[in-house]
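The block underneath contains the structure these notes are about, expressed in structure tokens.
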Amino acid sequence: MSSAIFSVSPECVQLGLLSGVVVFRNVRVADASPELRAEIANEIEAVRDRFANPEAVRMTSELIAFRKILDAAGAHPRKVQPSVERLLTYALKRGTLPAINNLVDSYNLVSIRSLCSLGAHDLDRITPPVSLRFLTGEETFTPLGQEHAVPVKPGEFGYVDAADRVLCWLDVLQADFSKVTVNTVNVLLIIEGTRAHAAEHLQQTFEEAINMVTRYCGGTAAEAIAIPVG
């Protein structure tokens, strides 16, 4: 799958990754509203009803699929936790989700509802197109919150822009340079699932992400590159 803004390599499709993006224009990034945080609190109760403990999270077919993909990419199973698992474990233990900003909080809510991995990047700070592909080891990657680049390994997968900068390593760790801030206006939102996620469910996740972001952050969904499920 490819477009002027996003592509997925055949190797990543073969690995089992199903990934698409939504471009949002003219969003307003700020602290999450009380309404959004209340919606998150309600969802946490549903999460606690659905999952008795973190082990129950790990045993879902969707999380098993994410871990198998990470294992196939050479990630250490005890050191690398799928982003959805990390969020749900946080929710179970702390009874909330991290309060970052209205955009991040919105897609984190969609993530725990859908068991898909979501992540957003400042579109004006990256060089399109972004590709989901296997890494060569030559890419640059400075993780979120850090000042210096760290090495990436050949055979791992990641989201990489046209300047060979890793935006997200595996589905686990985002880059610092493309993070969403109060100065962000245009956003590239990545939505990632696996073959354990039904096609209809993935479509619903796309629709919910668009609704959540535009409701709580304003702006418009200018372009959507759908997840290939055929």
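Any chance the range 95-108 includes a residue that's in contact (Cβ under 8 Å) with a residue 40 or more places away in the chain, surrounded by fewer than 13 Cβ atoms within 10 Å (Cβ to Cβ) and not in a strand (DSSP E or B)?
Yes: the range 95-108 contains one or more residues that are in contact (Cβ under 8 Å) with a residue 40 or more places away in the chain, surrounded by fewer than 13 Cβ atoms within 10 Å (Cβ to Cβ) and not in a strand (DSSP E or B).
In the range 4-27, which residue that is over 15 Å from V160 (Cα atoms) and among the polar types (S, T, N, Q) is surrounded by the most Cβ atoms within 10 Å (Cβ to Cβ)?
N26
Hey, does the range 53-69 have a residue that's among the hydroxyl-bearing types (S, T, Y), at pLDDT 95 or above, in contact with a helix residue (DSSP H, G or I) (Cβ under 7 Å, 6 or more places away or on another chain) and surrounded by 16 or more Cβ atoms within 10 Å (Cβ to Cβ)?
No; the residues of the range 53-69 include none that is among the hydroxyl-bearing types (S, T, Y), at pLDDT 95 or above, in contact with a helix residue (DSSP H, G or I) (Cβ under 7 Å, 6 or more places away or on another chain) and surrounded by 16 or more Cβ atoms within 10 Å (Cβ to Cβ).
Run down T194, T181 and say which single residue is under 15 Å from the mean Cα position of the chain (by Cα), at negative phi and hydroxyl-bearing (S, T, Y).
Result of the check over T194, T181: T194.
If the Cβ limit is 8 Å and pairs must be 6+ apart or interchain, which residue in the range 109-134 that is within 21 Å of G16 (Cβ to Cβ) and free of Cβ contacts under 8 Å to residues at least 60 places away in the same chain pairs with which residue that is among the hydroxyl-bearing types (S, T, Y) and surrounded by fewer than 24 Cβ atoms within 10 Å (Cβ to Cβ)?
Once the first residue is within 21 Å of G16 (Cβ to Cβ) and free of Cβ contacts under 8 Å to residues at least 60 places away in the same chain and sits in the range 109-134, its partners that are among the hydroxyl-bearing types (S, T, Y) and surrounded by fewer than 24 Cβ atoms within 10 Å (Cβ to Cβ) give S111/S83.
Just name the residue that is farthest from A224 (Cα to Cα) out of those in the range 121-179 that are charged (D, E, K, R) and part of a strand (DSSP E or B).
Here the answer is R165.
Residue pairs, Cβ under 7 Å, 6 or more apart or interchain, first in the range 204-221 and at negative phi and of a type in the set (G, A, S), second part of a helix (DSSP H, G or I) and surrounded by 21 or more Cβ atoms within 10 Å (Cβ to Cβ). List them.
Hits for this filter: A209/Y107; A209/V110.
The values are calculated or read from the model by the stated rules, or taken from the named source; none is laboratory data. Note that the coordinates shown come from a computational prediction; the quantities given were computed from them, not determined experimentally. Positions of Cβ are generated from backbone atoms using ideal geometry, with glycine treated the same way; all protein chains shown enter the neighbour counts.
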